[in-house]
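Shown next, in structure tokens, is the structure this report addresses.
What follows is calculated from the coordinates using simple rules that are stated; it is not laboratory data. Values in this document were obtained by computation on a predicted structure and should not be read as measured data. Counting neighbours? That spans all protein chains shown, and the Cβs are built from the backbone with ideal geometry, glycine included.
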Amino acid sequence: MRKLITLLFLLTPLAFYFSSCGGATGGGNPKLFGRITIAFKAVAGLSAAKRHAHPLADTARILQVSDQSGMVFSLSEARAQIRRIDLQIPDSARCLEFSFDSSIDCDDVNREISIQGPFIYNLLTGTASPPLDTLLIPAGRYTRVDVRLDETRVEDSLLSSSDPLLGNTLILRGHFSYAGDSARLFTIMLKFSEDARFQNPAEILVEENGINHLSVHLDATQWLSGVDILACLKSGDLDTLPSGELLIDENHGTGGCSEIENTVKEAIKNSGRFEEDMETNE
């Protein structure tokens, strides 16, 4: 009996130690995690961007944007491929303190977590394909998100062989009025592999309770504001296809309009702001 009492006396401090630490191994304190969704969504001006309970609330949208001349383009499709999403982790977080999902990499040196894609984002609804499920990341304050915009590939198996986005990075489509045709089609096709950074100096708080809906709002009114498509059409430096459709890509545009797709690309990359996209935690 004396030996049993002695053994219990020796083990009690160890039991207290392990219970207070949450275990010798494991993924750290689960209370330090916050659940998030993340959307990339076009809006008609950042100052007018409304908070949405969830991006799926918007199903079909048409955004009207104007070029430098004021010519209006009705945007009914906007899709882009994002190969990787990086979030700068809070200063207090350390990668080894957490057990991340297999789709997330954590780097203490660069102080960021990476969500591995690729994802095809519908920029009008903010939704991703394949769906980007709710993710667990360290709770705390976040100020920026970096993304890798990349060309779509056959081996990714995300698009059909007939999809015009295949082999490109971003596609914009819709209608505009020109030369007596009020429903003329236009397509802007961009092909590039570059990084883009979206910030919010006010910081976004990812809380432990509920779901934190994060978003990058892209101001679509900026996308064509730096190009004069009407002037390019009138000068002949940009021409329509035999079908009447306007196609803007790396193979179309001459003279002063030869770099029009690069101007649009830079405008899109610089049009975003990282924000909290929810009304209340669920």
For the stretch 132-224, one quarter of the surface area of the C-alpha convex hull, expressed in nm², comes to 9.2
Projected onto the charge dipole of the stretch 28-276 (unit charges on the beta-carbon of Lys, Arg, Asp and Glu, signs +1, +1, -1, -1), the Cα from Gly210, Ala78, His252 with the largest positive-side position is that of Gly210
If every Lys and Arg gets +1 and every Asp and Glu gets -1 at its Cβ, then about the Cα centre the stretch 28-276 yields a dipole, in debye to the nearest 20, of 600
The set of residues whose placed amide H lies less than 5 Å from the amide H of Ala139, leaving out same-chain residues fewer than 5 positions away, is Phe33, Gly34
Convex hull around the C-alpha positions of the stretch 28-276: the volume in Å³ per residue is 131
Long-range amide H partners of Ile89, meaning residues 5 or more apart or on another chain whose placed amide H is closer than 5 Å, are Glu112, Ile113
A convex hull over the alpha carbons of the stretch 53-154 yields, per residue, a volume in Å³ of 162
Pairs over 21 Å Cα to Cα, from Lys41/Lys269; Lys41/Lys265; Lys191/Lys234; Lys191/Lys265, come to Lys191/Lys234
To the nearest 0.05, the calculated FRET efficiency linking Ser161 and Val72 through their beta-carbon distance, R0 being 30 Å, is 0.35
Residue span Glu208 to Thr134: 0.36 nm per residue of separation minus Cα-Cα distance leaves a gain in nm of 25.3 nm
